[in-house]
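One structure is given below, encoded as C-alpha cells.
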Amino acid sequence: MSEVSGNELNALLAHVPAVERVMQSAAVQPLLGEYGRTQVVDAVRATLDALPRDLQDAAVNAGGAAAHASVPSAASCDETQIAAQAGRVLAARAQSRLRTVFNLTGTGAAHEPGPRAAARRSRARGG
C-alpha cells in the first residue's frame, strides 16, 4: 500500500476552502433554511476537520501505482462537495434516537393515582 506523500496531501489541502467561503456558497443555502446557521456552521467545520484524515484514508485504501487515479482530487474539496457532506452530517444528527412507546398499563399522566387523590375525590363529593 502506498500513501499520499506529505507534499501531495498538502497540495490537496491547499484547495480546501475556508468555512465562510463554504457558508456563502449556493450549495449551503438549502441547509441554512432547513437546519439554521449554527448547526450548518458546526457541520461544515466537522466536515473540514475530517477532510485531511479522509483524504489520507482514501489514498491508503487505493494502494499501489493505480492509487493516483482514485485518490481524491482538488475538485473533491470544493464548496459543493463539502456542503453535500455537511448535509449528510446534519441528516444523521437529525435522526431521532427516541422510539415511540405506548403506555398500555391503564394509567397515564392525566390520572391522579394513589390514596391521596381518592381521598380528595371523596371529600369533593361530600363523603
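None of the figures in this text is laboratory data; all of them are computed from the coordinates on show. Predicted, not measured: the structure shown is a model, and the values here were computed from it. Here the Cβ positions follow ideal geometry from the backbone for every residue, glycine too, while neighbour counts run over all protein chains shown.
Quick check on the exposure proxy: order Val19, Val44, Val89 from fewest to most C-beta atoms within 10 angstrom. It would help to have the intermediate numbers written out before the result.
Working: Val19 13, Val44 28, Val89 20.
Sorted ascending by nearby Cβ count, the order is Val19, Val89, Val44.
To the nearest 20 debye, what is the magnitude of the charge dipole of region 1-51 about its Cα centre, counting +1 on the Cβ of each Lys and Arg and -1 on the Cβ of each Asp and Glu?
Values: 3 positive and 6 negative charges, 39 e Å.
Computed charge dipole of region 1-51: roughly 180 debye.
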